[in-house]
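Read the structure below first, then the notes.
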Amino acid sequence: QVQLIESGGGSVQAGGSLRLSCAASGLTFRSYAMGWFRQAPGKERELVAVINWSADSTDYADSVKGRFTVSRGNAKNTVYLQMNSLKPEDTAVYYCAAAKDTYRLRTGASGYWGQGTQVTVSS
């Protein structure tokens, strides 16, 4: 059974930082591209960041470029999202997802999803 478990969410003031983690089990982690998505109340889910299986290719939504960094530790079956200079508009539930390649992540054809972790940024 595949499980993706996010952690690290919380409440922070604008300008602060958080580091999200997503621990994966039940799949061959190094064979999967990983992504972070977010969904704010009343808004559609959006892709935040993706990283390929070997961590030599990453991509970000324009709204987070220069502030967020995605990374992974294949030995620990974990993907991370370092979020700096947080803004109130970053408030959302953040989900991690796994797919066979970054194309499937970008097109929403992700195979597996975590349960989400809430990030709240106050002004």
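Close contacts from the range 98-123, counting a first residue that is within 24 Å of ASN74 (Cβ to Cβ) and a second that is hydroxyl-bearing (Ser, Thr, Tyr), with Cβ to Cβ under 6 Å and a gap of 6+ residues or different chains, come to ALA98/TYR32; ALA98/TYR112; ALA99/SER110; TRP113/TYR95; GLY114/TYR95; GLY116/TYR95; THR117/TYR94.
Can you tell me which of (1) buried (at least 18 other Cβ atoms within 10 Å of the Cβ); (2) at pLDDT below 95 is the one VAL121 doesn't meet? The one condition VAL121 does not meet is (2). Selection within the range 11-33: residues that are assigned to a loop (DSSP other than H, G, I, E, B) and either touching a Lys or Arg at 6+ places or on another chain (Cβ under 6 Å) or in contact (Cβ under 8 Å) with a residue 24 or more places away in the chain (or both). The member of this set that is surrounded by the most Cβ atoms within 10 Å (Cβ to Cβ) is TYR32. Within the range 34-73, if we keep just the residues that are without any contact (Cβ under 8 Å) to a residue 60 or more places away in the chain and among the aromatic types (Phe, Trp, Tyr), the residue that is most open to solvent (accessible area, probe 1.4 Å) turns out to be TRP53.
Collect the residues in the range 64-111 that are assigned to a strand (DSSP E or B), touching a Lys or Arg at 6+ places or on another chain (Cβ under 6 Å) and of a type in the set (S, T, N, Q), keeping them in residue-number order. Answer for the range 64-111, where residues must be assigned to a strand (DSSP E or B), touching a Lys or Arg at 6+ places or on another chain (Cβ under 6 Å) and of a type in the set (S, T, N, Q): just GLN82. Give me the residue from the range 74-107 that is among the charged types (D, E, K, R) and open to solvent by 40 Å² or more (accessible area, probe 1.4 Å) and, out of that set, nearest to SER17 (Cα to Cα). Ranking the qualifying residues of the range 74-107, first place goes to LYS87.
The values are calculated or read from the model by the stated rules, or taken from the named source; none is laboratory data. What you see is a predicted model, and the numbers here were worked out from it, not measured in a lab. Glycine gets a Cβ as well: all are built from the backbone with ideal geometry, and neighbour counts include every protein chain shown. The accessibility values were calculated without ligands, DNA or RNA, using every heavy atom of the protein model including side chains. Shrake-Rupley method; radii C 1.70, N 1.55, O 1.52, S 1.80 Å.
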